[in-house]
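So the structure is just underneath, and the comments pick up after that.
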Amino acid sequence: MECNEKNSLKILVTGGAGFIGSAVIRHLIHDTSHEIVNVDKLTYAGNLESLESISNNARYSFEQVDICDANALKRVFNQHQPNIVMHLAAESHVDRSIDGPGEFIQTNIVGTYTLLEQARSYWEQLEGDKKAAFRFHHISTDEVYGDLPHPDETANKVLPLFTEKTPYAPSSPYSASKAGSDHLVRAWQRTFGLPTLLTNCSNNYGPYHFPEKLIPLVILNALEGKSIPVYGKGNQIRDWLYVEDHARALVLVATRGVIGETYNIGGHNEKQNLDVVKTICAILDEVKPKETSYLEQITFVSDRPGHDMRYAIDAGKIEQELGWTPAETFESGLRKTVEWYLANQEWCQHVQDGSYAGERLGKGQL
Ligand code: NAD
(Lines give C-alpha, C1' and ligand atoms only; values in the text may rest on other atoms or scores of the structure.)
Protein backbone atom coordinates (compact mmCIF):
# COMPACT_ATOMS: atom_id res chain seq x y z
CA MET A 1 0.00 0.00 0.00
CA GLU A 2 1.42 3.37 -1.02
CA CYS A 3 1.19 6.23 1.38
CA ASN A 4 -0.44 8.86 -0.80
CA GLU A 5 -3.72 10.66 -0.53
CA LYS A 6 -5.38 8.64 -3.34
CA ASN A 7 -5.70 5.72 -0.92
CA SER A 8 -8.05 6.12 2.00
CA LEU A 9 -5.97 5.92 5.13
CA LYS A 10 -6.88 5.84 8.81
CA ILE A 11 -5.17 8.80 10.46
CA LEU A 12 -4.91 9.04 14.24
CA VAL A 13 -4.66 12.75 15.15
CA THR A 14 -3.70 13.62 18.73
CA GLY A 15 -4.77 17.06 19.99
CA GLY A 16 -7.46 17.26 17.31
CA ALA A 17 -9.74 19.42 19.47
CA GLY A 18 -7.09 22.16 19.65
CA PHE A 19 -6.41 25.08 17.35
CA ILE A 20 -4.18 23.43 14.72
CA GLY A 21 -5.44 19.86 15.21
CA SER A 22 -9.02 20.92 14.49
CA ALA A 23 -7.86 22.70 11.29
CA VAL A 24 -6.06 19.49 10.24
CA ILE A 25 -9.20 17.40 10.85
CA ARG A 26 -11.51 19.85 9.03
CA HIS A 27 -9.06 19.81 6.07
CA LEU A 28 -8.84 15.99 6.08
CA ILE A 29 -12.63 15.60 6.13
CA HIS A 30 -13.32 18.29 3.53
CA ASP A 31 -10.46 17.66 1.08
CA THR A 32 -9.48 13.97 1.34
CA SER A 33 -11.17 10.59 1.73
CA HIS A 34 -9.14 9.57 4.79
CA GLU A 35 -10.73 8.40 8.05
CA ILE A 36 -9.78 10.23 11.24
CA VAL A 37 -9.60 9.22 14.89
CA ASN A 38 -9.22 12.26 17.12
CA VAL A 39 -7.44 11.40 20.40
CA ASP A 40 -7.73 14.31 22.80
CA LYS A 41 -7.87 14.70 26.58
CA LEU A 42 -9.96 17.89 26.26
CA THR A 43 -7.89 20.18 28.45
CA TYR A 44 -8.93 23.86 28.73
CA ALA A 45 -7.44 24.25 25.19
CA GLY A 46 -9.45 21.44 23.56
CA ASN A 47 -12.92 22.28 22.30
CA LEU A 48 -15.19 19.91 20.39
CA GLU A 49 -17.21 22.93 19.23
CA SER A 50 -14.31 23.64 16.83
CA LEU A 51 -15.20 20.34 15.10
CA GLU A 52 -18.97 20.76 15.06
CA SER A 53 -19.01 21.18 11.25
CA ILE A 54 -17.57 17.68 10.70
CA SER A 55 -18.39 15.74 13.89
CA ASN A 56 -21.30 13.83 12.31
CA ASN A 57 -19.22 12.69 9.33
CA ALA A 58 -18.96 8.88 9.16
CA ARG A 59 -15.18 9.15 8.58
CA TYR A 60 -14.64 10.93 11.92
CA SER A 61 -14.49 9.47 15.43
CA PHE A 62 -13.41 10.82 18.80
CA GLU A 63 -11.59 9.19 21.73
CA GLN A 64 -11.27 11.20 24.93
CA VAL A 65 -7.86 9.87 25.98
CA ASP A 66 -4.80 11.31 27.75
CA ILE A 67 -1.62 10.57 25.75
CA CYS A 68 0.10 9.78 29.08
CA ASP A 69 -2.29 6.80 29.53
CA ALA A 70 -0.48 3.82 27.95
CA ASN A 71 -3.34 1.33 28.41
CA ALA A 72 -5.91 3.63 26.83
CA LEU A 73 -3.56 4.29 23.90
CA LYS A 74 -2.95 0.56 23.43
CA ARG A 75 -6.70 0.01 23.18
CA VAL A 76 -7.06 2.91 20.69
CA PHE A 77 -4.27 1.55 18.43
CA ASN A 78 -5.71 -1.98 18.49
CA GLN A 79 -9.26 -0.83 17.90
CA HIS A 80 -8.63 1.75 15.16
CA GLN A 81 -5.56 0.24 13.41
CA PRO A 82 -4.19 3.58 12.11
CA ASN A 83 -1.87 3.92 9.10
CA ILE A 84 -0.54 7.30 10.21
CA VAL A 85 -0.22 9.09 13.54
CA MET A 86 -0.19 12.90 13.47
CA HIS A 87 0.88 13.98 16.94
CA LEU A 88 -0.26 17.50 17.87
CA ALA A 89 -1.41 17.06 21.50
CA ALA A 90 0.62 19.34 23.72
CA GLU A 91 0.53 22.06 26.30
CA SER A 92 1.22 25.01 24.01
CA HIS A 93 1.13 28.38 25.79
CA VAL A 94 4.53 29.86 26.72
CA ASP A 95 3.17 32.08 29.53
CA ARG A 96 1.49 29.08 31.20
CA SER A 97 4.79 27.15 30.96
CA ILE A 98 6.48 29.94 32.93
CA ASP A 99 3.73 29.94 35.59
CA GLY A 100 3.73 26.13 35.91
CA PRO A 101 6.13 23.98 33.84
CA GLY A 102 4.98 20.60 35.29
CA GLU A 103 2.11 19.94 32.87
CA PHE A 104 4.43 20.77 29.95
CA ILE A 105 6.99 18.18 31.02
CA GLN A 106 4.20 15.66 31.61
CA THR A 107 2.26 16.02 28.36
CA ASN A 108 4.96 17.16 25.94
CA ILE A 109 7.75 14.83 27.08
CA VAL A 110 6.19 11.95 29.07
CA GLY A 111 3.09 11.97 26.83
CA THR A 112 5.17 11.90 23.64
CA TYR A 113 7.30 9.08 25.08
CA THR A 114 4.15 7.11 25.99
CA LEU A 115 2.66 7.63 22.52
CA LEU A 116 5.94 6.66 20.82
CA GLU A 117 6.11 3.42 22.80
CA GLN A 118 2.50 2.49 22.00
CA ALA A 119 3.02 3.40 18.32
CA ARG A 120 6.19 1.29 18.26
CA SER A 121 4.61 -1.82 19.76
CA TYR A 122 1.62 -1.48 17.38
CA TRP A 123 3.93 -0.89 14.34
CA GLU A 124 6.23 -3.82 15.25
CA GLN A 125 3.39 -6.33 14.99
CA LEU A 126 2.20 -5.00 11.60
CA GLU A 127 3.22 -6.91 8.49
CA GLY A 128 3.96 -6.31 4.81
CA ASP A 129 2.64 -3.18 3.08
CA LYS A 130 0.81 -1.98 6.17
CA LYS A 131 4.03 -2.01 8.18
CA ALA A 132 6.00 -0.32 5.38
CA ALA A 133 3.42 2.45 4.98
CA PHE A 134 3.08 3.31 8.69
CA ARG A 135 4.19 6.84 9.65
CA PHE A 136 4.53 8.71 12.94
CA HIS A 137 4.46 12.48 12.28
CA HIS A 138 5.48 14.69 15.19
CA ILE A 139 4.30 18.30 14.97
CA SER A 140 6.67 20.77 16.61
CA THR A 141 7.59 24.44 16.74
CA ASP A 142 10.35 26.74 15.50
CA GLU A 143 10.74 27.85 19.14
CA VAL A 144 13.05 24.84 19.69
CA TYR A 145 15.74 26.79 17.80
CA GLY A 146 15.79 29.69 20.30
CA ASP A 147 15.90 33.18 18.84
CA LEU A 148 17.64 34.91 15.93
CA PRO A 149 19.47 38.26 15.65
CA HIS A 150 17.01 41.18 15.57
CA PRO A 151 17.42 43.97 12.97
CA ASP A 152 17.47 46.58 15.81
CA GLU A 153 20.46 44.86 17.39
CA THR A 154 22.70 43.96 14.48
CA ALA A 155 24.50 45.96 11.82
CA ASN A 156 24.31 42.88 9.60
CA LYS A 157 22.07 43.49 6.59
CA VAL A 158 21.47 39.80 5.85
CA LEU A 159 19.54 38.32 8.75
CA PRO A 160 19.71 34.55 9.25
CA LEU A 161 16.68 32.23 9.13
CA PHE A 162 16.01 28.95 10.95
CA THR A 163 16.85 25.98 8.72
CA GLU A 164 16.38 22.29 9.48
CA LYS A 165 20.07 22.25 10.52
CA THR A 166 19.89 25.11 13.07
CA PRO A 167 21.08 23.80 16.47
CA TYR A 168 18.47 23.55 19.22
CA ALA A 169 18.59 26.31 21.90
CA PRO A 170 15.13 26.54 23.51
CA SER A 171 14.46 29.47 25.87
CA SER A 172 11.18 28.69 27.69
CA PRO A 173 9.89 25.61 29.54
CA TYR A 174 7.43 25.21 26.62
CA SER A 175 10.09 25.22 23.91
CA ALA A 176 12.44 23.07 26.02
CA SER A 177 9.69 20.47 26.47
CA LYS A 178 8.98 20.50 22.72
CA ALA A 179 12.73 20.18 22.00
CA GLY A 180 12.81 17.18 24.36
CA SER A 181 9.92 15.56 22.49
CA ASP A 182 11.65 16.18 19.12
CA HIS A 183 14.78 14.42 20.41
CA LEU A 184 12.71 11.44 21.58
CA VAL A 185 11.09 11.13 18.14
CA ARG A 186 14.48 11.18 16.38
CA ALA A 187 15.86 8.61 18.84
CA TRP A 188 12.89 6.27 18.24
CA GLN A 189 13.57 6.51 14.51
CA ARG A 190 17.32 5.95 14.80
CA THR A 191 17.26 3.27 17.51
CA PHE A 192 14.06 1.36 16.79
CA GLY A 193 13.53 2.21 13.11
CA LEU A 194 10.08 3.72 13.79
CA PRO A 195 9.19 5.54 10.53
CA THR A 196 8.96 9.11 11.82
CA LEU A 197 8.59 12.57 10.27
CA LEU A 198 9.09 15.87 12.06
CA THR A 199 7.88 19.39 11.27
CA ASN A 200 8.84 22.65 12.99
CA CYS A 201 6.47 25.52 12.27
CA SER A 202 6.36 29.24 12.99
CA ASN A 203 3.52 31.07 14.78
CA ASN A 204 0.07 30.17 13.51
CA TYR A 205 -3.01 32.39 13.49
CA GLY A 206 -6.58 32.00 12.25
CA PRO A 207 -10.06 30.86 13.31
CA TYR A 208 -10.64 28.74 16.47
CA HIS A 209 -7.47 30.06 18.21
CA PHE A 210 -7.86 30.02 22.01
CA PRO A 211 -8.17 33.66 23.15
CA GLU A 212 -5.07 33.61 25.39
CA LYS A 213 -2.77 33.86 22.31
CA LEU A 214 -1.72 37.25 20.92
CA ILE A 215 -3.96 37.69 17.87
CA PRO A 216 -7.32 36.49 19.30
CA LEU A 217 -6.54 38.21 22.63
CA VAL A 218 -6.02 41.53 20.85
CA ILE A 219 -9.22 41.14 18.81
CA LEU A 220 -11.37 40.23 21.81
CA ASN A 221 -9.89 42.81 24.20
CA ALA A 222 -10.35 45.48 21.55
CA LEU A 223 -14.01 44.53 21.01
CA GLU A 224 -14.69 44.37 24.77
CA GLY A 225 -13.18 47.86 25.33
CA LYS A 226 -10.36 46.41 27.47
CA SER A 227 -6.69 47.41 27.35
CA ILE A 228 -4.64 45.64 24.65
CA PRO A 229 -1.44 44.45 26.39
CA VAL A 230 1.83 44.54 24.43
CA TYR A 231 4.96 42.97 25.97
CA GLY A 232 8.01 45.26 26.33
CA LYS A 233 8.44 47.57 23.34
CA GLY A 234 6.44 45.23 21.10
CA ASN A 235 9.40 44.86 18.75
CA GLN A 236 9.62 41.04 19.00
CA ILE A 237 9.44 39.50 15.53
CA ARG A 238 7.36 36.43 14.68
CA ASP A 239 6.92 34.73 11.28
CA TRP A 240 3.14 34.29 10.93
CA LEU A 241 1.40 31.46 9.07
CA TYR A 242 -2.35 31.08 8.48
CA VAL A 243 -3.48 27.89 10.23
CA GLU A 244 -5.13 26.36 7.15
CA ASP A 245 -1.85 26.70 5.22
CA HIS A 246 -0.14 24.84 8.08
CA ALA A 247 -2.81 22.12 8.03
CA ARG A 248 -2.23 21.52 4.30
CA ALA A 249 1.53 21.37 4.85
CA LEU A 250 1.12 18.84 7.67
CA VAL A 251 -1.04 16.48 5.61
CA LEU A 252 1.47 16.70 2.73
CA VAL A 253 4.35 15.78 5.06
CA ALA A 254 2.39 12.98 6.77
CA THR A 255 1.43 11.37 3.44
CA ARG A 256 4.41 12.21 1.19
CA GLY A 257 7.33 13.18 3.44
CA VAL A 258 10.56 11.15 3.50
CA ILE A 259 11.03 8.96 6.59
CA GLY A 260 13.44 10.42 9.13
CA GLU A 261 13.32 13.91 7.60
CA THR A 262 12.51 17.23 9.25
CA TYR A 263 10.65 20.00 7.41
CA ASN A 264 10.48 23.63 8.53
CA ILE A 265 7.17 25.35 7.79
CA GLY A 266 6.72 29.13 7.71
CA GLY A 267 4.85 31.89 5.97
CA HIS A 268 7.59 34.40 5.01
CA ASN A 269 5.71 36.92 7.14
CA GLU A 270 8.12 38.46 9.63
CA LYS A 271 6.21 41.07 11.63
CA GLN A 272 6.91 42.96 14.85
CA ASN A 273 4.25 42.26 17.49
CA LEU A 274 3.34 45.96 17.73
CA ASP A 275 2.76 46.11 13.96
CA VAL A 276 0.48 43.06 14.20
CA VAL A 277 -1.52 44.75 16.98
CA LYS A 278 -1.76 48.02 15.04
CA THR A 279 -2.90 46.19 11.88
CA ILE A 280 -5.68 44.44 13.83
CA CYS A 281 -6.78 47.80 15.27
CA ALA A 282 -6.82 49.31 11.76
CA ILE A 283 -8.99 46.45 10.42
CA LEU A 284 -11.39 46.82 13.38
CA ASP A 285 -11.53 50.61 12.90
CA GLU A 286 -12.71 49.87 9.35
CA VAL A 287 -15.11 46.94 9.90
CA LYS A 288 -16.48 47.81 13.37
CA PRO A 289 -15.83 51.53 13.89
CA LYS A 290 -16.50 53.26 17.22
CA GLU A 291 -15.99 56.84 18.43
CA THR A 292 -12.28 56.44 19.19
CA SER A 293 -9.69 54.29 17.43
CA TYR A 294 -8.92 50.86 18.90
CA LEU A 295 -5.28 51.99 18.83
CA GLU A 296 -5.97 54.01 21.99
CA GLN A 297 -6.49 50.77 23.97
CA ILE A 298 -2.86 49.63 23.45
CA THR A 299 -0.95 49.40 26.77
CA PHE A 300 2.71 48.41 27.14
CA VAL A 301 3.33 45.85 29.92
CA SER A 302 6.54 44.32 31.44
CA ASP A 303 8.23 41.95 29.03
CA ARG A 304 7.93 38.16 29.38
CA PRO A 305 11.02 36.64 31.09
CA GLY A 306 13.41 35.07 28.55
CA HIS A 307 11.35 36.49 25.67
CA ASP A 308 12.76 35.45 22.28
CA MET A 309 13.33 38.50 20.05
CA ARG A 310 13.03 37.06 16.56
CA TYR A 311 11.83 33.90 14.83
CA ALA A 312 12.02 33.46 11.05
CA ILE A 313 11.74 30.29 9.00
CA ASP A 314 13.47 29.16 5.84
CA ALA A 315 10.70 26.99 4.35
CA GLY A 316 12.67 26.22 1.16
CA LYS A 317 12.87 22.47 1.78
CA ILE A 318 9.13 21.77 2.02
CA GLU A 319 8.48 24.17 -0.87
CA GLN A 320 11.02 22.51 -3.18
CA GLU A 321 10.63 18.87 -2.14
CA LEU A 322 6.88 18.68 -1.53
CA GLY A 323 5.63 21.62 -3.61
CA TRP A 324 3.90 23.37 -0.68
CA THR A 325 3.37 27.13 -0.64
CA PRO A 326 1.15 29.20 1.64
CA ALA A 327 -2.06 30.42 -0.02
CA GLU A 328 -2.80 33.33 2.34
CA THR A 329 -0.85 36.56 2.62
CA PHE A 330 -0.62 38.01 6.13
CA GLU A 331 -3.03 40.79 5.13
CA SER A 332 -5.69 38.45 3.68
CA GLY A 333 -5.33 35.92 6.51
CA LEU A 334 -5.54 38.54 9.25
CA ARG A 335 -8.64 40.11 7.74
CA LYS A 336 -10.32 36.67 7.51
CA THR A 337 -9.34 36.01 11.13
CA VAL A 338 -10.76 39.31 12.45
CA GLU A 339 -13.98 38.72 10.51
CA TRP A 340 -14.21 35.16 11.88
CA TYR A 341 -13.93 36.37 15.50
CA LEU A 342 -16.55 39.06 14.86
CA ALA A 343 -18.94 36.38 13.53
CA ASN A 344 -18.18 33.77 16.19
CA GLN A 345 -18.52 35.52 19.54
CA GLU A 346 -20.51 32.53 20.85
CA TRP A 347 -17.54 30.18 20.29
CA CYS A 348 -15.27 32.63 22.13
CA GLN A 349 -17.71 32.81 25.05
CA HIS A 350 -18.00 29.01 25.27
CA VAL A 351 -14.27 28.25 25.16
CA GLN A 352 -13.55 30.91 27.76
CA ASP A 353 -16.19 29.73 30.24
CA GLY A 354 -15.90 26.02 29.31
CA SER A 355 -19.67 25.81 28.79
CA TYR A 356 -19.67 23.73 25.60
CA ALA A 357 -17.64 20.51 25.90
CA GLY A 358 -19.67 17.54 26.99
CA GLU A 359 -22.98 19.28 27.59
CA ARG A 360 -24.37 19.61 24.09
CA LEU A 361 -22.49 16.70 22.52
CA GLY A 362 -22.37 14.25 25.43
CA LYS A 363 -18.71 13.40 25.96
CA GLY A 364 -19.40 9.71 26.57
CA GLN A 365 -20.95 9.15 23.15
CA LEU A 366 -18.11 10.71 21.18
P1 NAD B 1 -3.66 23.89 21.46
O2 NAD B 1 -3.19 24.22 22.84
O3 NAD B 1 -4.67 24.76 20.80
O4 NAD B 1 -4.26 22.41 21.44
C5 NAD B 1 -3.65 21.34 22.11
C6 NAD B 1 -4.63 20.17 22.13
O7 NAD B 1 -3.97 19.07 22.78
C8 NAD B 1 -5.91 20.46 22.91
O9 NAD B 1 -7.03 19.99 22.18
C10 NAD B 1 -5.75 19.68 24.20
O11 NAD B 1 -6.97 19.23 24.77
C12 NAD B 1 -4.89 18.51 23.74
N13 NAD B 1 -4.09 17.91 24.82
C14 NAD B 1 -3.32 18.57 25.72
N15 NAD B 1 -2.78 17.68 26.58
C16 NAD B 1 -3.19 16.45 26.20
C17 NAD B 1 -2.95 15.13 26.68
N18 NAD B 1 -2.18 14.90 27.75
N19 NAD B 1 -3.52 14.09 26.04
C20 NAD B 1 -4.34 14.32 24.94
N21 NAD B 1 -4.61 15.54 24.48
C22 NAD B 1 -4.05 16.59 25.09
O23 NAD B 1 -2.33 23.77 20.59
P24 NAD B 1 -2.10 24.17 19.06
O25 NAD B 1 -1.78 25.61 18.98
O26 NAD B 1 -3.19 23.61 18.24
O27 NAD B 1 -0.75 23.38 18.77
C28 NAD B 1 -0.78 22.03 18.33
C29 NAD B 1 0.64 21.52 18.18
O30 NAD B 1 1.34 22.34 17.23
C31 NAD B 1 1.44 21.57 19.47
O32 NAD B 1 2.23 20.42 19.55
C33 NAD B 1 2.30 22.82 19.32
O34 NAD B 1 3.52 22.67 20.03
C35 NAD B 1 2.53 22.85 17.83
N36 NAD B 1 2.75 24.19 17.24
C37 NAD B 1 1.90 25.22 17.51
C38 NAD B 1 2.11 26.46 16.90
C39 NAD B 1 1.17 27.62 17.13
O40 NAD B 1 1.44 28.73 16.67
N41 NAD B 1 0.03 27.44 17.79
C42 NAD B 1 3.20 26.64 16.05
C43 NAD B 1 4.04 25.56 15.79
C44 NAD B 1 3.81 24.33 16.38
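The values are calculated or read from the model by the stated rules, or taken from the named source; none is laboratory data. Everything quoted here is computed from the prediction, not taken from an experiment. Heads up, the Cβs are rebuilt from the backbone with ideal geometry, glycines too, and the neighbour counts pull from every protein chain shown. Surface accessibility is based on the protein's heavy atoms, side chains included, excluding ligands, DNA and RNA. Shrake-Rupley method; radii C 1.70, N 1.55, O 1.52, S 1.80 Å.
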(request) Report the extension gain between ALA132 and GLN320 in nm, rounded to one decimal, defined as 0.36 nm multiplied by the number of residues separating them, less their alpha carbon distance. (result) 65.2 nm
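When the chain is fully extended, how far beyond the present Cα-Cα distance does ARG59 get from LYS336, taking 0.36 nm per residue of separation?
96.9 nm
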(message) How charged is the neighbourhood of SER22? Take every other residue with its Cβ under 14 Å from the Cβ of SER22, and add Lys/Arg as +1 and Asp/Glu as -1.
(response) -3
(request) Can you figure out the FRET efficiency of GLN81 with GLU124, using R₀ = 22 Å and their beta-carbon distance, to the nearest 0.05? (result) 0.95
(message) Please compute the length gained on full extension between ALA327 and HIS30, using 0.36 nm multiplied by the number of residues separating them and subtracting their Cα-Cα distance.
(response) 105.2 nm
(request) Quote the accessible area belonging to PHE136 in square angstrom, nearest 10, computed with a 1.4 Å probe and with ligands, DNA and RNA left uncounted. (result) 0
(message) Among 214-221, 125-132, how do they line up by average Cβ neighbours within 10 Å per residue, starting with the highest?
(response) 214-221, 125-132
(request) For helix 273-287, report the angle its Cα long axis makes with the longest principal axis of the Cα atoms of the chain; keep it between 0 and 90° and round to the nearest 10°. (result) 80
(request) Can you tell me the order of 316-329, 28-41 when each peptide is scored by its average per-residue count of other Cβ atoms within 10 angstrom, highest first? (result) 28-41, 316-329
(message) Charges at C-beta only: +1 for Lys and Arg, -1 for Asp and Glu. How large is the resulting dipole of the chain about its Cα centre, in Debye rounded to 20?
(response) 700
(request) Report the one residue of ALA176, ILE318, VAL85 whose Cα lies farthest in the direction of the positive end of the charge dipole of the chain (charges on C-beta: Lys and Arg +1, Asp and Glu -1; origin at the Cα centre). (result) VAL85
(message) Sort 294-304, 193-203, 179-189 by packing, meaning the average of other beta carbons within 10 Å per residue, with the highest value first.
(response) 193-203, 179-189, 294-304
(message) Pick from ASN108, ASN47, ASN57 the residue whose mean-square fluctuation is largest in a GNM of the chain, springs joining Cα atoms under 10 Å.
(response) ASN57
(request) Among the listed pairs LYS178/LYS278; LYS178/LYS213; LYS130/LYS178; LYS131/LYS165, give every one whose C-alpha distance is greater than 27 Å. (result) LYS178/LYS278; LYS130/LYS178; LYS131/LYS165
(message) Can you show me the helix-derived [θ] at 222 nm for the chain, built from DSSP H runs with n ≥ 4 at -39,500 (n - 2.57) apiece and divided by the number of residues, rounded to the nearest 500.
(response) -11500 deg cm²/dmol
(message) Which log10 I(q)/I(0) values does the chain give at q = 0.08, 0.10, 0.11 Å⁻¹ under the Debye formula, counting every alpha carbon as one identical point scatterer?
(response) -0.38, -0.61, -0.74
